[in-house]
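The values are calculated or read from the model by the stated rules, or taken from the named source; none is laboratory data. Predicted model, so just to flag it, every value in this text is computed and none were measured. For neighbour counting, all protein chains shown are included, and Cβ atoms are generated from backbone atoms with ideal geometry for every residue, glycine included. Quick note on the areas: whole protein, heavy atoms, side chains included, nothing else; ligands and nucleic acids left out. Shrake-Rupley method; radii C 1.70, N 1.55, O 1.52, S 1.80 Å.
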Amino acid sequence: MIGGLFIYNHKGEVLISRVYRDDIGRNAVDAFRVNVIHARQQVRSPVTNIARTSFFHIKRSNIWLAAVTKQNVNAAMVFEFLYKMCDVMTAYFGKISEENIKNNFVLIYELLDEILDFGYPQNSETGALKTFITQQGIKGQHQTKEEQSQITSQVTGQIGWRREGIKYRRNELFLDVLESVNLLMSPQGQVLSAHVSGRVVMKSYLSGMPECKFGMNDKIVIDKQGKGGTTDDPGKSGKQSIAIDDCTFHQCVRLSKFDSERSISFIPPDGEYELMRYRTTKDIILPFRVIPLVREVGRTKLEVKVVIKSNFKPSLLAQKIEVRIPTPLNTSGVQVICMKGKAKYKASENAIVWKIKRMAGMKESQISAEIELLPTNDKKKWARPPISMNFEVPFAPSGLKVRYLKVFESKLNYSDHDVIKWVRYIGRSGIYETRC
Amino acid sequence: MTDSKYFTTTKKGEIFELKAELNSDKKEKKKEAVKKVIASMTVGKDVSALFPDVVNCMQTDNLELKKLVYLYLMNYAKSQPDMAIMAVNTFVKDCEDPNPLIRALAVRTMGCIRVDKITEYLCEPLRKCLKDEDPYVRKTAAVCVAKLHDINAQLVEDQGFLDTLKDLISDSNPMVVANAVAALSEIAESHPNSNLLDLNPQTINKLLTALNECTEWGQIFILDCLANYMPRDDRESQSICERVTPRLSHANSAVVLSAVKVLMKFMEMLPKDLDYYGTLLKKLAPPLVTLLSAEPELQYVALRNINLIVQKRPEILKHEMKVFFVKYNDPIYVKLEKLDIMIRLASQANIAQVLAELKEYATEVDVDFVRKAVRAIGRCAIKVEQSAERCVSTLLDLIQTKVNYVVQEAIVVIKDIFRKYPNKYESVIATLCENLDSLDEPEARAAMIWIVGEYAERIDNADELLESFLEGFHDESTQVQLQLLTAIVKLFLKKPTETQELVQQVLSLATQDSDNPDLRDRGYIYWRLLSTDPVAAKEVVLAEKPLISEETDLIEPTLLEELICHIGTLASVYHKPPSAFVEGSRGVQHKKLTARAGSGESAESPDVGLSGPSEAPPAVIPSQGDLLGDLLNLDLAPPTATVPSVQPSMQMGAMDLLGGGLDSLMGDESDTLGGDIGGSPSMGGGLGVAPAAMPAALGGAPAVGGGLGDLFDLSGGVGMPTGSYVAPKTVWLPAMKAKGLEISGTFARRGGIIQMDLSLTNKAMSVMTDFAIQFNRNSFGLAPAGPLQVLTPLSPNQTIDVSLPLSTSGPVMKMEPLNNLQVAVKNNIDVFYFSCQYPISMIFVEDGKMERQVFLATWKDIPNDNEALFQIKDIHLNSDAASNKLQGSNIFTIAKRTVEGQDMLYLSVKLTNGIWVLAEMRIQTGNPNYTEMELSIKCRAPEVSPFVFQCYELVLKN
């Protein structure tokens, strides 16, 4: 199991050090600093073995978090735990920075004591933790016995992510379908790989212990119902359902029920959380197409022309469009002409960055640039990194649609109809690249 | 108010000041002071001097302050054991506190204080907490047992905490169950033989129930524990698998990987024709792919594991090549791992795509990555024959880029391609030669020199090229020197007229001016060869080279199986067994996959023998960690008496001593040599080590090596001439089918022991080690009585003769033909299957001489239907000679009669399984040059008769 946990700043100074196991000596802290943080070469692996001690590390901005062990621990668990710890810290005091960590070091120690016992991760749901570990000193002194046992039963219970007795005047929930669409396209316009990784994020403000059921246009479910004889709309053969390659759920979802019936039922945590993640690869709507044209004119000049085409309903608007065209290292000057938006050569980033605020569907725009090169005798050819793109569109590129989210709370007197529900779709670019 | 100010106090009298503050009356001030102490502790200052003052603050009802003091205590109690006692009372009192949070805090902290005196006081409170009404306290107490066990294992056992912990597995609260499982698993690891985690279907059921309800971390503990369980039959495996599969959709990657581990392990026990088996395989792919969208660190862990899974079960991800394509922004560690998996998944179906990708990668920035990509192109060429041409042209394109390290890497892999497809792509040599000057790495230079030497006859200026290398001979690395020496000798043998001077020059450089013994020895050998027998030199130096294997970098199967049992853990990330990086007793246990036993196995194995190695399921040999044990329990037969119980440990020891040691000694050298001296490593200089050690093990065929052999040889009489007929060895397993391993063999019965005489020949390029053998069930229960004694690694082109003693107490299954034997032989490369037939005389026992009266009675007793008549022609023996000859093979003459010029012999044979075969043989004595014999055989099991007849014939004719 995890033998110890250290947090360092970018200089390698220890901010937090908590040792859980006797086999971790005090020199472990220094070993990591010397061999990883201060290492000359770039780190080649997130797991490092130094003198039979293994270090797992992640970085958040310029803060290093390292878990250390001498045993054959579950490596995936250690990383999951480190991420979780970041989530917990963020939930408590915001951004993970040196200042925030120093300001909250007592709190962090307290959390570390609670969420990791002898190196075994314990309940790390912020919702539960916040009931008894607070920034204003610990509650506890003033709690009644009932409150105390309520806390412990929540921390250890089956529904560790939600406490009893939550009340809202207005029962409301927000569903965000957030997708990031990833593309790798060849210069000829052939899709080399494309997938959507999506998340359904829910903000729930519901009273009591509501039982929820979530439905979407999952092909397997729709097909199953189709067989049952309900011919919804045989005329419309359009994209009614989508094939989901795989999905994972928040721990509140009853997995065995999903496995057997493919229904998504759960008692949600209070507030914001990620209900599910999914991945699709079939019939993805690629919101933009990038057509690059790079021509080398002699040894000292490049001509670049890039056309982008939007490929969705004309009534919709894409936002925050950014096209990044890499330039060679020996670029001396760039002249850009674009029809729409603003384009700029950023020498520090070795790229031409072309930004367009808004663009409607089924439109086309173009940029052309002349890149002057310094003559070099560098034998190494320019690697021609791919042209990447960023954007945001108000639909789900996978085609996912929320069909329903039903809320049942038998003990309290509100019904599914009383709950105000909001659904929103946002498609963003993930790694959206076209080779040139 | 912020806490960061505590980090900045660096005044000199700090400790002093803190002391005063700690003893202050004001609560707030006290708390401030403790915070400062903790901050100093964090940055590594020694604040142990404040121990009594800090402990004094412990008696407080402020929980925050209490926690800080506890934190301090955990850090310094060990250095101040006497003072730590001061804290005991508070702990004991806190364990009785009405607030469960405080009770748990006390018991949690107390377990972290590693002071003997304190642990004594801990027992009573712990006992109470283990039975506390509050689940939060119980779950904390469960972990505390593991802590206490780490400090004082004996105490935990004496106090009976282990039983209480076991009871907690049935607790109503899922988190208590999970923590109890975690604690028990950890304790069990340090007691490998204890039956602590007594997993049975009932407890498994409890665990599976808790699995649905507990936290994500608890699910990991439970799944990791489940992976150690051994289901009783395939129905149980299936039902566990069914209940574990929903976990594949969990958001926590560690839960997913642990579930994959359980499934991979239990799948081994499912019959492959089961529908569910296929369903399960299909279910595994999507979650594995999903892991690749996790954060990069987790992707890395996942990829390292997928690398193992792909080697074990390539079918799972064979259609998922695209997801392993490298993204431009992937961290380098992810890129390198993806590349590895891409090569493993490369096949004819996807090779075009893979190649296009690899070509793209070869233009990236990271040198390591680019090199690996270039190397990957070469590996694709070797792996997928249809793509070789395209790969070669891709490599040529890359060479044209003139990027130095790309060119060098390309030349190294092209050399391998030449090895795999000789005389096919020499047209590219010209292009390679153009880049001669840019090569500055030894490996690339050596590869280029090898190519020039190998194709010297087709390169007009080969002598010039090699001569140019010769100029700086002494500055070259050994690798290049050796290669250059060999290449020039090759050149000389191919074009003797023009290159005499050159060869003399290199020989003198190698033998007279070099300090390197390898180089000198090789130089001398060539010199002598060339001067004494140029024809022999040609045969040796220009010998045909053995094939190179298609798959490289494969993990040795034993290790792979062990690593599959460790999916998700560090072992799977390092690709090393835990014992390689964990100290102490924890890592020592070797886990292994257990194959399904029982009827399904035998039903499918017959076609295995025919279909050859590629389709053979690995299940036949479940694990090779402790070979003998597995051989026995594969068929669930009880250990047989013929096997001395010392063998397992002996074998392991011997293997390690010789196998491991020599392996590493020879591995590197013979690697380079094997290729260098044109596939005749036995004359390599560096091999001096090996021959010295080998004779002992190689010995002659009959005796099994040295002292070890004797131990196994049971009643002995090894070399005793028994006169039994031994057929010449025939090839059972051609090298073509077994990645370069050729096995020929025969059977002999010596001194009452059946022996399988094997000749193992390594026709591949790499050293083979870790041999093991196993038989399928067969008609007479033949089974190896000891392990296959190949104690030294088998170098390329080397042959080892081994005698394997066989027992007849193995599991029995009737084969067709009756004397058919299906054999699986395993080495570090793969498992191979073949079948052979043994002469049935092998199972004729020595005490097969029947009493006359019994013979008569039995003869009459056996119904006439069971009598079979045979004729043997062209036998030039009289009855006495025949009788003698037969006796040598345990066919005993009971009586002889002469009737009408014909000799009648009455013979008896007893088989190892107690069946008697009686025979009456009629021999014409008239003409000794032309004898015809008539044989009538009677046996209660008539199907044996034709085989017995075959034996008579064989024995008499030889």
Cα-based reach from B:LYS359 at 16 Å (exclusive), listing lysines while leaving out same-chain residues under 8 positions away: A:LYS380, A:LYS381, B:LYS322, B:LYS327, B:LYS335, B:LYS338, B:LYS372, B:LYS402
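How high is the FRET efficiency between A:LYS282 and A:SER315 when r is their beta carbon distance and R₀ equals 25 Å, given to the nearest 0.05? Before the final figure, lay out each step's value.
On the way: r = 25 Å, r/R0 = 1.01.
Result of the calculation: an efficiency of 0.50.
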Using the heavy atoms of the protein chains alone and a 1.4 angstrom probe, what is the accessible area of the stretch A:4-124 per residue in square angstrom? 32
Within the stretch B:804-958, what whole-number % of the accessible surface is contributed by carbon and sulfur, with the 1.4 Å probe and all protein chains included in the calculation? 48
Accessible surface, per residue, of the stretch B:843-957 when the full set of protein chains is kept, probe 1.4 Å, Å²: 49
Placing +1 on the Cβ of each Lys and Arg and -1 on the Cβ of each Asp and Glu in the protein assembly as shown, which of A:LEU107, B:VAL301, A:VAL306 has its Cα farthest towards the positive end of the resulting dipole? A:VAL306
So how strong a dipole does chain A carry about its Cα centre when Lys and Arg Cβ are +1 and Asp and Glu Cβ are -1, to the nearest 20 debye? 1620
So which lysines pass the test for B:LYS490, namely a Cα distance under 29 Å, with those fewer than 8 places away in the same chain ruled out? B:LYS383, B:LYS415, B:LYS420, B:LYS424, B:LYS538, B:LYS545, B:LYS739, B:LYS763
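List the GluC sites (Glu not before Pro) within the stretch B:109-162 that fall in a DSSP loop (any state other than H, G, I, E or B) and whose Cβ has at most 11 other Cβ atoms within 10 Å. Walk me through the intermediate numbers first.
Values: sites: B:GLU120, B:GLU133, B:GLU157; in loops: B:GLU133.
Taking the stretch B:109-162 and a limit of 11 other Cβ atoms within 10 Å, the loop GluC sites (Glu not before Pro) found are B:GLU133.
Report the trypsin sites (Lys or Arg not before Pro) located in the stretch A:384-436 that are in a DSSP loop and have at most 15 other Cβ atoms inside 10 Å of their Cβ, or state none.
Counting only loop positions with at most 15 other Cβ atoms within 10 Å, the trypsin sites (Lys or Arg not before Pro) in the stretch A:384-436 are A:LYS411.
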Cα-only radius of gyration and Dmax that characterise the protein assembly as shown, units Å: 37.8, 129
Towards the positive end of the charge dipole of the protein assembly as shown, with charges on Cβ (+1 Lys, Arg; -1 Asp, Glu), say which of B:ALA536, A:ILE367, B:PRO811 has the farthest Cα. A:ILE367
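Would you list A:THR376, B:THR203, B:THR898, B:THR499 from the most to the least accessible area, probe 1.4 Å? Numbers along the way, then the final one.
On the way: A:THR376 60, B:THR203 25, B:THR898 95, B:THR499 0 Å².
The ordering from most to least exposed comes out as B:THR898, A:THR376, B:THR203, B:THR499.
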Pick from A:GLN251, A:GLN41, A:GLN335 the residue whose mean-square fluctuation is largest in a GNM of chain A, springs joining Cα atoms under 10 Å. A:GLN41
Rounded to the nearest 20 Debye, what is the dipole magnitude of the stretch A:288-393 about its Cα centre when Lys and Arg each give +1 and Asp and Glu each give -1 at the C-beta? 240
P(r) tail fraction, the stretch B:179-322 - alpha-carbon pairs more than 24 Å apart, %: 32
For the stretch B:360-374, which residues drop by 10 square angstrom or more in accessible area between the chain on its own and all protein chains together (1.4 Å probe)? B:GLU360, B:THR363, B:VAL365, B:ASP366, B:ASP368
Whenever you get a sec, compute what percent of the accessible area on the stretch B:213-311 sits on carbon and sulfur atoms (1.4 Å probe). 48
Note: the stretch A:288-393, point scatterers on Cα, Debye, no solvent; log10 I/I(0) at q = 0.16, 0.17, 0.22 Å⁻¹ equals -0.68, -0.76, -1.14
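Short version: what are the Cα gyration tensor semi-axes of the stretch A:4-124, square root of 5 times each eigenvalue, largest first, in whole Å? Mind dumping the intermediate values first?
Numbers: eigenvalues 83, 61, 34 Å².
Its equivalent ellipsoid spans semi-axes of 20, 17, 13 Å.
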Given a 1.4 Å probe and no ligands, DNA or RNA in the count, how much accessible surface is buried by B and A, both sides, to the nearest 100 Å²? 8600
Spin-label pair B:VAL854/A:LYS301, simplified geometry with 7 Å Cα→Cβ offset, distance in nm: 10.8
Roughly how much of B:ILE829 is accessible, in Å² to the nearest 10, using a 1.4 Å probe? 40
Express in Å², to the nearest 10, the accessible area of B:HIS474 obtained by rolling a 1.4 Å probe over the protein heavy atoms while all chains stay in place. 90
Using protein chains only (no ligands, no nucleic acids) and a 1.4 Å probe, work out which residues of the stretch B:26-59 have their accessible area cut by at least 30 Å² relative to the chain alone. B:THR42
Per Stokes-Einstein, at 25 °C and 0.890 mPa s, what whole-number D in µm² s⁻¹ belongs to the stretch B:843-957, with the Kirkwood radius over Cα pairs as the hydrodynamic radius? 176
Rounded to one decimal in nm, the spacing of the 7 Å Cα→Cβ label points at A:TYR168 and B:LYS45 is 4.8
Which residues' amide hydrogens lie under 5 Å from the amide hydrogen of B:GLY781, considering only partners 5 or more residues apart or on another chain, with H built in the peptide plane? B:MET813
Cα gyration tensor of the stretch B:460-532, axes a ≥ b ≥ c as square roots of the eigenvalues: rounded (a/c below 1.5), prolate (a/b > b/c) or oblate? oblate
Residue by residue through the stretch B:863-876, which ³J(HN,Hα) values in whole Hz follow from phi under the Karplus form 6.51 cos²θ - 1.76 cosθ + 1.60 (θ = phi - 60°), with glycine and proline marked x? x, 5, 4, 7, 7, 10, 10, 9, 10, 10, 10, 6, 9, 9
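Roughly how many debye, to the nearest 20, is the charge dipole of the stretch A:4-124 about its Cα centre, given +1 on each Lys and Arg Cβ, -1 on each Asp and Glu Cβ, and no other charges? Could you put the intermediate results ahead of the total?
Numbers: 14 positive and 12 negative charges, 118 e Å.
Roughly 560 debye, rounded to the nearest 20.
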Given a 1.4 Å probe, show me the residues in the stretch B:531-569 buried by at least 30 Å² of accessible surface when comparing the whole protein assembly to the chain alone. B:GLY568, B:THR569
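Using a 1.4 angstrom probe on heavy atoms only, work out the carbon and sulfur share of the accessible area of the stretch A:4-124 in %.
Details: 1730 of 3830 Å².
Heavy-atom surface of the stretch A:4-124 belonging to carbon and sulfur, 1.4 Å probe: 45 percent.
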Are there trypsin sites (Lys or Arg not before Pro) in the stretch B:232-292 that DSSP marks as loop and that have at most 12 other Cβ atoms within 10 Å, and which are they? B:ARG232
Would you mind getting the Kirkwood hydrodynamic radius of the stretch B:730-838 from its Cα pairs, rounded to one decimal in Å? 14.0
